[in-house]
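**Student:** First, the structure itself, so that you have it in front of you.
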Amino acid sequence: MLFITCVSVCLYLQLSASISGIKDFVTDKQRQAHRVMTPVVQIHMRPGYDECSLEQGLGMYERMKSHMSSHVDGTKSVMFHDASGKLLNQLSKLQVHISCLSSTL
């Protein structure tokens, strides 16, 4: 009886360690997946930033706000689709990897 209890405890500890490792792996990969969005947004926003940086003189702040607002209005849909597409791609890869990991448990 004591042997069965020891085996059960050992199996429980091994399973807990495996699950903890998978959780850490998933958390890290989720963070990495979300990081792919920043460069995509930066690429789409660059023309707006460049246009704003050319402004000088009296009223430049208002013109910069206007440029940025117009730029965001014109690119937000494409920017969202590009960034979300990259994110979904990364999350799909993670989902496949998790499926492989969970099938080995």
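**Student:** Working from Cα positions, state the angle (0 to 90°, nearest 10) between the long axis of helix 60-103 and the longest principal axis of the chain.
**Tutor:** The helix 60-103 is inclined about 20 degrees to the chain.
**Student:** What is the distance, in nm, between label points placed 7 Å from the Cα along the Cα-to-Cβ direction at residue 5 and at residue 19?
**Tutor:** Spacing of the two 7 Å Cα→Cβ label points: 2.2 nm.
**Student:** With a bin width of 10 angstrom, please list the P(r) values of the chain as percents of all Cα-Cα pairs, from the 0 bin to the one holding the largest distance.
**Tutor:** 13, 25, 19, 16, 12, 8, 5, 2, 0
**Student:** Given the -39500 (n - 2.57) contribution per DSSP H run of 4+ residues, what per-residue ellipticity at 222 nm results for the chain, rounded to the nearest 500 deg cm²/dmol?
**Tutor:** Values: 3 runs with 95 residues, N = 105.
Value at 222 nm, helices only, nearest 500: -33000 deg cm²/dmol.
**Student:** If you take the charge dipole of the chain about its Cα centre, with +1 on Lys and Arg Cβ and -1 on Asp and Glu Cβ, which of 97, 79, 60 is farthest toward its positive end?
**Tutor:** 97
**Student:** Using alpha-carbon pairs under 8 Å, 6+ residues apart, how would you state the relative contact order of the chain in percent? Walk me through the numbers on the way to the answer.
**Tutor:** Values: 44 pairs, mean separation 40.6, N = 105.
Averaging sequence separation for qualifying contacts and normalising by length gives 39 percent for the chain.
**Student:** Separate question: Could you tell me how many degrees, from 0 to 90 and to the nearest 10, lie between the Cα long axis of helix 2-35 and the main elongation axis, the longest principal axis, of the Cα atoms of the chain?
**Tutor:** Computed tilt is about 10 degrees.
**Student:** To continue, here is another question. So if I place +1 on the C-beta of Lys and Arg and -1 on the C-beta of Asp and Glu, and nothing else carries charge, what would the dipole magnitude of the chain be about its Cα centre? I want it in debye, nearest 20.
**Tutor:** Result for the chain is approximately 300 debye, rounded to the nearest 20.
A short reminder: the numbers here are calculations on the coordinates, not readings from a lab. Since we're looking at a predicted model, the values are computed, not measured. Cβ coordinates were reconstructed from backbone atoms using ideal geometry, including for glycine residues, and neighbour counts include every protein chain displayed.
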